[in-house]
Amino acid sequence: MMKLKMRNSEVLLTLALCLALLLLFSPAAFASDGVKLSASSEAGSEGDTVSVTISIDDAADTEGGQFELNFDPDVVVPVDIDKGSFVENASNDQFNYNLEFDANTLMVIWVTPNADTSDSGTVCTIDFELVGEGESSLTFSGVVIAPEAADVAATHTSGSITSDEPDDEAALQDAIDAANEAIANLPDPDEITLDDKADVEEARDLVDAAKALGATDDDFEDLDKLESAEAMIAKLEAIKAADDAILELPTIEELTLDDKPAVVAARALVDEAKDQHGAVDDDFTYLATLQAAENRIKELEGEIPTPPTGGLGYMVLGGLLLVALGAYFYIKRQRYATVK
């Protein structure tokens, strides 16, 4: 439901005071059968927004006015209002309103002090959102017209808004269109980040809502894009979970055998991201830290460590052995050459 719009109450009070002064001091110059307000009758489906026209007749030389419009809040809620041509055509006009004057009442007030108004026209149009089924009468109360001598009609023409059940076919198409638009607005799958997760989930919710109304996969123009985006979000979350677990490990210097379960759990998260989501080593920011922790655990358990933490001595030893063998064969060849 849209948020109700309400103008400053102090502005309404000022306009009301101006209107009261006009009532007290303006001259009588009316020869009509009475200024009369009327509201149009509209219809729509629940969830729609309809515009009701408020018209005025026999209003030449009036200098302002105000009215309250009563409605059924279980059926309709006012959400916006636009000033009409009747007020816009008057010079130095002022227009204000309060859509939350009461739980079931809104208020409109205008002042046209130069009294150069038309005989009739549109005071305003009021947008109502249809929030329930049924019919809401639109009745006037608290009508005041300036100057004081203005002959105000004893009755004003009420309007109405009829709200029916949404058209099933139209509602289905609206739901499909909303889902397709949400999918189209998603980044390409290879550009998806975790910041896009909420948008991806919203697109999926819209797809599910449309399916609940009878839509099928064929109704969505680019469902593969949504599925790829969801897969990318799942992959990024799995990678992040593994990196976060690695970051929580103690430093190599502080690592003890008591930390082995945490190291094993971090490795399990890395393997899960690889096996289930297609991640590779380069996707992990802290994989080298995990490998160093695993090697340190092996050292603490007395196993032969693997590079990079424990293999350096063996590599040096192997290198020295190769040098020695090379020297041996070189000397042998030199001796052979001398004998020959």
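Please give the per residue volume of the convex hull enclosing the alpha carbon atoms of segment 91-166, rounded to a whole number of Å³. Walk me through the numbers before you get to the answer.
Values: hull volume 9.6 nm³, N = 76.
Dividing the Cα hull volume of segment 91-166 by its residue count gives 126 Å³.
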Along the three principal axes, how long is segment 26-184 when you take its alpha carbons, biggest first, rounded to the nearest angstrom? 62, 32, 24
Could you give the radius of gyration (one decimal) and Dmax (whole number) of the Cα atoms in segment 127-167, in Å? 15.4, 50
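Count the net charge of all other residues whose Cβ sits under 12 Å from the Cβ of residue 123, scoring Lys and Arg as +1 and Asp and Glu as -1.
-2
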Along its three principal axes, how long is segment 170-300 when you only count alpha carbons? Whole Å, largest extent first please. 69, 24, 21
Please compute the net charge surrounding residue 103, taking Lys and Arg as +1 and Asp and Glu as -1 over other residues with Cβ under 11 Å from its Cβ. -4
Could you bin all the Cα-Cα distances of segment 250-309 into 10 Å bins starting at 0 and give me the percent of pairs in each, rounded to whole numbers? 22, 51, 25, 2
Counted charge near residue 262, where neighbours are those whose Cβ lies closer than 13 Å (Asp, Glu -1; Lys, Arg +1): -3
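Each value in this text was obtained by applying a stated rule to the coordinates, not by laboratory testing. The structure displayed is predicted, hence computed values, not measured ones. Neighbour counts run over all protein chains shown; Cβ positions are idealised from the backbone, glycine included.
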